[in-house]
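The structure appears right after this line, and notes come after that.
Values quoted throughout were computed directly from the atomic coordinates according to the rules given, and no laboratory measurement underlies them. Only a predicted model underlies this, so the values are computations on that prediction, with no experimental measurement involved. All Cβ positions, glycine included, derive from the backbone under ideal geometry; neighbour counts span all protein chains shown.
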Amino acid sequence: MNGNNDKKTEYVFRAPRGTEDILPEKWTFWRRLEAVGRQEFELCGYYEIRTPIFEDTRLFVRSIGEATDIVEKEMYTFSDSEDSSITLRPENTAPVMRAYLEYELYKTKKFQKFYYIGPQFRKERPQAGRLRQFHQMGIEAVGATDPLLDVETISVATRIFDRIGLKGYKVKINSIGCEKCRPVFRNILKEKLCNREEELCELCQSRLNRNVFRILDCKNEKCKTISHSMPSINDYLCGECQSHAQAVREALLEIGIPYIADAHLVRGLDYYTKTVYEITHSSLGARDAICAGGRYDNLISDIGGPPIGSVGFAVGMEATILALENVIAKSKPLHEEASLPSPLVYIVSIGEETKKKCFYLLNLLRKADISADFDYEGRSPKAQMRTANKVGAKYVVVLGPDELARGDVKVRMMETGEEIPLKQSEILKWFQEQR
RNA sequence: GUGAGCGUAGCUCAGUUGGAUAGAGCAUUAGACUGUGGCUCUAAGGGUCGCGGGUUCGAAUCCCGUCGCUCACCCCA
């Protein structure tokens, strides 16, 4: 401080826009989602892979597509000291595929299933359920084109949502064709829409050249009417895509997953082919997807690998947790649902001279895997009891000068208020029996 | 990137047409019960009303700017 500036300078740091701190009480939901996710993935034969948080920029440009918004304006791109361009990953599919190729995993075993959990980055304006650093967990089933595999991935996602107790989600599916049939449909659609250009909203008029398919899910009422009068992609799918889509629908029916066939479901990333799907939750507002996925049979060859088909999805974890909170808030009080882990034992020390002994007992219990805690603030016995109650300890061990002299402690059962004396030498054994 | 709304205590919010020391509930801390939690009662701490400027005798309140947040759009998990 140089004293020239008499204005108070406040150094208030806050989490950067579009990022958030996950505070302890929020962790219950995160842990539940992660635990259930891992369990389900592994149950279905998917193995965890972790890729770097940043990659060569070109990986994303090639895979996601040069003309997409993600690449054009939403990537955190910077150059490191060696004159190469680096990008914080905006999604995790391309990195997984890069690793698959880098280690030539297809040479030992073409078909492999991966899962990942981690942060992703897109520089967008934050909104409900949308952040700049957000978290996805997802799977990639690499090396097979069986439509049943598409359905497997959907079933993995829905089981996760079922198991975390998320009710009210919807599965929407569509086929967007392949490199053979999609261009045909695109041209026909474009031609027909150009004839009615004047009736479209301003945005859609510009979409005519940039991204015709987006017109199909425009929210403008007039555009909706027009797009509903347009032919459906389903009428233009090639034989192969047609039978693939058919097989997917039949298998969904077979295993009892309700779905909505939505011919207007489109995709923003270039690499998708054939099956695309989206799982949404109506409690979320405008950005309602909690999971999105599909098949991408050209991605691996796009980034320089052999022609190997794959399918996968990404679950938006923030969005899922938001939906979960919405659902749970309606059914029961949040504090019941989202309680922090409690210690089994809280140790109350009375007087300075007993602290050492208490600390010894604390560590004795912890070594034996019994969760325990005590007071480091030098507070009154009453205050310590209050804390014990607040953190939800089941037992309180009280050690004051009297107990110290006698070589015992008092154990208080917090539920009943009953207290029993216990020799210090017997504490460990006693708590091991209580567990 | 575009548009709209909102910034008052740790949290959720009151605050009349601008008017005196800015309030409540919850939370926190302490006491009633000086070695014992939950319930109750009492008290305390905590705010340059986001920040800066302007209008005015007087601004949390009106105006301008700025920063932040939120929602929606584009796009997307």
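Which order do peptides A:110-117, A:189-196 fall in by mean Cβ count within 10 Å, highest first?
A:110-117, A:189-196
Set Lys and Arg Cβ to +1 and Asp and Glu Cβ to -1, take the dipole of chain A about its Cα centre, and tell me which of A:Gly304, A:Gly400, A:Ser175 lies farthest positive.
My answer, from the dipole projection, is A:Gly400.
For the range A:45-189, would you read off the P(r) tail past 27 Å as a percentage of all alpha carbon pairs?
Of all Cα-Cα distances in the range A:45-189, 34 percent exceed 27 Å.
Cut-off under 21 Å on the C-alpha distance; same-chain residues fewer than 8 positions from A:Lys172 excluded. Which lysines are left, in chain and number order?
A:Lys219, A:Lys224, A:Lys274
More than 29 angstrom separation, counting every C-alpha pair in chain A; what % is that?
Looking at chain A, the distances longer than 29 Å represent 59 percent of pairs.
With only Lys, Arg, Asp and Glu charged, each at its Cβ (+1 for the first two, -1 for the last two), find how big the charge dipole of chain A is about the Cα centre; round to the nearest 20 debye.
The calculated dipole for chain A is roughly 580 debye.
Rg and Dmax in Å for the range A:242-302, alpha carbons only: what are they?
13.1, 39
With no solvent and one point per C-alpha, what does the Debye sum give as log10 I(q)/I(0) for the range A:266-386 at q = 0.11, 0.18, 0.20 Å⁻¹?
Values, matching the q order: -0.68, -0.96, -1.06.
Let me know the charge dipole size of the range A:345-434 about its Cα centre in debye, to the nearest 20, where only the beta-carbon of Lys, Arg (+1) and Asp, Glu (-1) is charged.
Rounded to the nearest 20 debye, it is 160 debye.
Kindly rank A:171-182, A:247-258 from highest to lowest mean number of other beta carbons found within 10 Å of each residue.
Sorting A:171-182, A:247-258 by mean packing, highest first, produces A:171-182, A:247-258.
Working only with C-alpha atoms, what are the Rg and Dmax values of the range A:194-238, expressed in angstrom?
Rg, Dmax (Cα atoms, Å): 10.4, 32.
How high is the relative contact order of the range A:118-185, in percent, counting Cα pairs under 8 Å that sit 6 or more residues apart?
Normalised by residue count, the contact order of the range A:118-185 is 17 percent.
Given only helices, namely DSSP H runs of n ≥ 4 each adding -39500 (n - 2.57), what is the per-residue ellipticity at 222 nm of chain A, to the nearest 500 deg cm²/dmol?
-11500 deg cm²/dmol
Convert 25 °C to kelvin, take the viscosity as 0.890 mPa s, use the Kirkwood radius over C-alpha pairs of the range A:90-133 as Rh, and evaluate the Stokes-Einstein diffusion coefficient in µm²/s, rounded to a whole number.
In µm²/s, the coefficient rounds to 196.
Per the Debye formula with a single identical scatterer at each Cα and no solvent contribution, what log10 I(q)/I(0) holds for the range A:345-434 at q = 0.10, 0.15, 0.23, 0.24 Å⁻¹?
-0.20, -0.48, -1.25, -1.38
What Kirkwood radius, in Å to one decimal, follows from the Cα pairs of the range A:96-255?
Every distinct Cα pair counted, the radius reaches 19.1 Å.
Count charges around A:Pro147 for me, please; just the other residues with Cβ under 13 Å from its Cβ, Lys/Arg as +1, Asp/Glu as -1.
-4
I'd like the orientation of helix A:181-195 relative to chain A: the angle between its Cα long axis and the longest Cα principal axis, in ° from 0 to 90, rounded to 10.
Its long axis makes an angle of about 70 degrees.
Work the Kirkwood hydrodynamic radius out for the range A:169-208: mean of 1/r over every pair of different alpha-carbon atoms, inverted, in Å.
Mean inverse Cα-Cα distance, inverted, gives 12.0 Å.
Along the positive direction of the dipole of the range A:317-433 (beta-carbon charges: Lys, Arg +1; Asp, Glu -1; about the Cα centre), which of A:Leu422, A:Ile328, A:Gly351 reaches farthest?
Going by the Cα projections, it comes out as A:Gly351.
Remind me, relative contact order of the range A:345-434 in percent, using alpha carbon pairs under 8 angstrom and six or more residues apart?
Numbers: 123 pairs, mean separation 27.1, N = 90.
Computed over the range A:345-434, the figure is 30 percent.
With point charges of +1 on the Cβ of Lys and Arg and -1 on the Cβ of Asp and Glu, referenced to the Cα centre of the range A:81-137, which listed residue (A:Gln120, A:Asn92, A:Gln136) lies farthest in the positive direction of the dipole?
So the residue furthest toward the plus end is A:Gln136.
With viscosity set to 0.890 mPa s and temperature to 25 °C, compute the Stokes-Einstein D of the range A:172-257, Rh being the Kirkwood radius across alpha carbon pairs; µm²/s, no decimals.
Using the Kirkwood radius from Cα pairs, D works out to 175 µm²/s.
Once you charge only the Cβ atoms, +1 for Lys and Arg and -1 for Asp and Glu, what is the size of the charge dipole of the range A:30-124 about its Cα centre, to the nearest 20 debye?
Numbers: 15 positive and 17 negative charges, 103 e Å.
Roughly 500 debye, rounded to the nearest 20.
Any idea what the relative contact order of chain A is, in percent, if you count C-alpha pairs under 8 Å spaced at least 6 apart?
15 percent
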